[in-house]
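Visitor: Provided herewith is a single structure, encoded as structure tokens, for subsequent inquiry.
The values are calculated or read from the model by the stated rules, or taken from the named source; none is laboratory data. This is a predicted model, so every value here is computed, not measured. A quick note on method: Cβ atoms are made from the backbone with ideal geometry, for glycine too, and the neighbour counts reach across all protein chains shown.
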Amino acid sequence: MNNNIIKIKIKSDLNLYGKKWLIEKPVAQVVIVTGMEEHSGRYDTLANFLNEHGYNVFSLDYFGQGENVKSKEQALGNVPPHAFNLFTDGLAHLIREIKEDKPLFMLGHSMGSFLAQEFAQRYGDLLDKLVLVGSNGPDPI
């Protein structure tokens with residue numbers, strides 16, 4: 001298995017995979033929660049930029065995305081019941097695994113912003129900062 005691949009067991013028969021970008025002496029950790037039609041690999045450029053500025057970066061792929069897909073069949077409708085809650089729990093497992101004496105930031109983009117908000121409501125004590133990008137707001141009409 002590639003050494004930048006992460007695996008988080010969220011149930012006895014269910015794992016989530018994603019990617020990590022690590023440096024030797026990080027000043028903080030960043031967890032990226034991706035959008036609906038994205039995957040962790042799309043964040044290589046941002047993760048490398050954050051690495052250059054002193055941050056370790058982690059990103060779990062949502063069900064049916066990125067490292068969670070080993071075949072085309074797995075990507076098509078392969079979302080377990082209660083996936084939103086399961087994924088939020090998976091993020092908590094990941095953060096508990098990587099939590100150190102350094103600040104931990106979460107960045108949620110698009111659909112990931114909704115997952116990040118759910119995470120903050122349920123597990124906010126695990127975060128030092130939360131950044132929401134491309135989220136939804138009031139309808140101006």
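Visitor: If we keep just the residues of the range 45-79 that are aliphatic (A, V, I, L, M) and at pLDDT 95 or above, which is surrounded by the fewest Cβ atoms within 10 Å (Cβ to Cβ)?
Guide: By that ranking, first place goes to Leu46.
Visitor: Sticking with this structure for a sec: Given the criteria modelled with pLDDT under 95, closer than 17 Å to Ile6 by Cα and of a type in the set (Lys, Arg), does Lys99 qualify? Walk me through it before giving the result.
Guide: On the way: modelled with pLDDT under 95: yes; closer than 17 Å to Ile6 by Cα: yes; of a type in the set (Lys, Arg): yes.
Yes.
Visitor: Of all residues in the range 55-79, which are in a loop (DSSP other than H, G, I, E, B), more than 17 Å from the chain's Cα centre (by Cα) and of a type outside the set (A, V, I, L, M, F, W, C)?
Guide: Those that are in a loop (DSSP other than H, G, I, E, B), more than 17 Å from the chain's Cα centre (by Cα) and of a type outside the set (A, V, I, L, M, F, W, C): Lys70, Ser71, Gly77, Asn78.
Visitor: Starting from residues that are modelled with pLDDT of 95 or more and surrounded by fewer than 17 Cβ atoms within 10 Å (Cβ to Cβ), keep the ones in the range 8-23 and report whichever is nearest to Ala116 (Cα to Cα).
Guide: Filtering the range 8-23 for residues that are modelled with pLDDT of 95 or more and surrounded by fewer than 17 Cβ atoms within 10 Å (Cβ to Cβ), the one nearest to Ala116 (Cα to Cα) comes out as Leu22.
Visitor: Report yes if some residue within the range 4-21 is among the aliphatic types (A, V, I, L, M) and free of Cβ contacts under 8 Å to residues at least 40 places away in the same chain; otherwise report no. I'd like the intermediate steps shown before the answer.
Guide: Filtering the range 4-21 for residues among the aliphatic types (A, V, I, L, M) gives 5-6, 8, 10, 14, 16.
Imposing the further condition that a residue be free of Cβ contacts under 8 Å to residues at least 40 places away in the same chain reduces the set to none.
Looking through the range 4-21, none of the residues is among the aliphatic types (A, V, I, L, M) and free of Cβ contacts under 8 Å to residues at least 40 places away in the same chain.
Visitor: Could you check the range 1-54 and list, in sequence order, the residues that are touching a strand residue (DSSP E or B) at 6+ places or on another chain (Cβ under 7 Å), of a type in the set (Phe, Trp, Tyr) and not in a strand (DSSP E or B)?
Guide: Tyr43
Visitor: Can you tell me which residue in the range 80-139 is surrounded by the most Cβ atoms within 10 Å (Cβ to Cβ), limited to those that are touching a residue at least 60 places away in the same chain (Cβ under 8 Å) and part of a loop (DSSP other than H, G, I, E, B)?
Guide: Taking the candidates together, the pick is Ser110.
Visitor: So which of Asp89, Asp61, Asp101 ends up being in contact with a helix residue (DSSP H, G or I) (Cβ under 8 Å, 6 or more places away or on another chain) and within 21 Å of Gly124 (Cα to Cα)?
Guide: Result of the check over Asp89, Asp61, Asp101: Asp61.
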